[in-house]
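Asker: Quick one: structure below, then a few questions.
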Amino acid sequence: MSITVLVHLVGEEAIMCEADRLPNPDDTNITVINVRRRDGKDVNFLDASVQSVILPLARINFIEVIQTGEDEEKVVSFVRD
């Protein structure tokens, strides 16, 4: 199951992508797939045929974890007829 993340690169626009796992404290890079801009358009510094990207953590300011609809808990409430 992939995790949707918003990666904020140093000196670049943030990119939206999926990762299999979040980096551990001893990792030096993160591998992501389906790289795109926030609005869904292609990233201009990647070739159109790129499938996955290995990003060094030294070039990343921070990573936002995006919650998708399938991760949300279903709330059951009482309904009065």
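All of the numbers you see were taken from the coordinates with simple rules; none came from a lab. Quick caveat, the model's predicted, so the values are computed rather than measured. Positions of Cβ are backbone-derived with ideal geometry, glycine not excepted, and every protein chain shown enters the neighbour counts.
Asker: In nm, to one decimal, how far is the ASP20 label point from the ASN34 one, both placed 7 Å along Cα→Cβ?
Answerer: For ASP20 paired with ASN34, the spin-label model returns 1.6 nm.
Asker: Give, as a single signed number, the net charge of other residues whose beta carbon lies under 15 Å from the beta carbon of ASN29, with Lys and Arg counted +1 and Asp and Glu -1.
Answerer: For residues surrounding ASN29, the net value is -1.
Asker: Rounding to the nearest 20 debye, state how big the charge dipole of region 1-49 is about its Cα centre with +1 on each Lys and Arg Cβ and -1 on each Asp and Glu Cβ. It would help to have the intermediate numbers written out before the result.
Answerer: Numbers: 5 positive and 9 negative charges, 37 e Å.
Using only the charged Cβ atoms, the result is roughly 180 debye.
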